[in-house]
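The structure under discussion appears below in the form of structure tokens.
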Amino acid sequence: AADDDADDDDDDEGDGEAKKIKKKKHNERHNADGDGLLTLVVPKLGIHHVPLDNSNEKIAAPPPSIPRTPRYAKMLPSEAFELLRGSEKGMQLLKKFMKQEMSTENLDFILAAERYEKAYDRCVEESGGGSGEMSMKSNMQMSGRAYHLYETYIAADSSSEVNIPHVMKKRILAALDDIHIKREIFHEALKEVTKLVRGDTLVRLMKTPQFKKFTENSIEDFQSEVYYFGYVVGAPT
């Protein structure tokens, strides 16, 4: 009987070693160059890699327990801005607060300028312009779009004029006269207005109970993710 027990122990040890080797190979295969991994980046909560295959092995360790203590106290305005923009509820909170402060034109301009740059990139890609050039038709379309942004947000006494230096406005106006419209025509103003929102509007918003509640809910949503056999179930909204 003692010999039988010894044999069973040897078998268990053999099975355990085989499982370790199998798991090690599995991890090496998925960790190489990040293939097959979903990377979750959450402000102040860390970075977590989650396998996307159909494995039944739990090769991704669950994220460390997140303390219930609110993290908004240490959050930077730039991080708060990205967190708010990352969800529909966050954007609703930001727009509502900026409406109360009568500064919605800043957010509208940021979004419009970003859309302009993305549309410019699409036009270049569709035109097959490896040198960054676009077709004449696309250039005319983007020029019209640039003029519209200027008349809406940049020109003096425009309907949604943003607060940027006069010299910056003059540079944008001069760039509109170029035969080939430039992608970066609004980029300087975009950086200026984004800096204003982060350093002014966000600082005040972060002191409100509404922002604290939003941040706490965001952390709870992240905690509610279920890590099971390498899957992420119930992604945060």
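Against the definition (closer than 30 Å to Met75 by Cα and either in a loop (DSSP other than H, G, I, E, B) or more than 24 Å from the chain's Cα centre (by Cα) (or both)), how does Asn106 come out, yes or no?
No; evaluated as a whole, the condition is false for this residue.
When you scan region 94-103, how many residues do you find that are within 12 Å of Leu202 (Cα to Cα), part of a helix (DSSP H, G or I) and open to solvent by 30 Å² or more (accessible area, probe 1.4 Å)?
1
Tally time: how many residues in region 195-205 are open to solvent by less than 50 Å² (accessible area, probe 1.4 Å) and more than 19 Å from the chain's Cα centre (by Cα)?
Matching residues across region 195-205 total 2.
Ser138 - would you say it is open to solvent by 20 Å² or more (accessible area, probe 1.4 Å), of a type in the set (Gly, Ala, Ser) and farther than 30 Å from Asn217 by Cα?
Taking the combined requirement at face value, the residue does not satisfy it.
For every residue, the table says whether it meets (1) modelled with pLDDT of 95 or more; (2) within 17 Å of Arg85 (Cα to Cα); (3) open to solvent by less than 30 Å² (accessible area, probe 1.4 Å).
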site	(1), (2), (3)
Asp108	yes, yes, no
Glu114	yes, yes, no
Gly129	no, no, yes
Ile154	yes, no, yes
Ala174	yes, no, no
His187	yes, no, no
Val193	yes, yes, yes
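The values are calculated or read from the model by the stated rules, or taken from the named source; none is laboratory data. Since this is a predicted model, take the numbers as computed values, not measurements. For the accessible areas, the whole protein counts, side chains as well, though only heavy atoms, and no ligand, DNA or RNA atoms are used. Shrake-Rupley method; radii C 1.70, N 1.55, O 1.52, S 1.80 Å.
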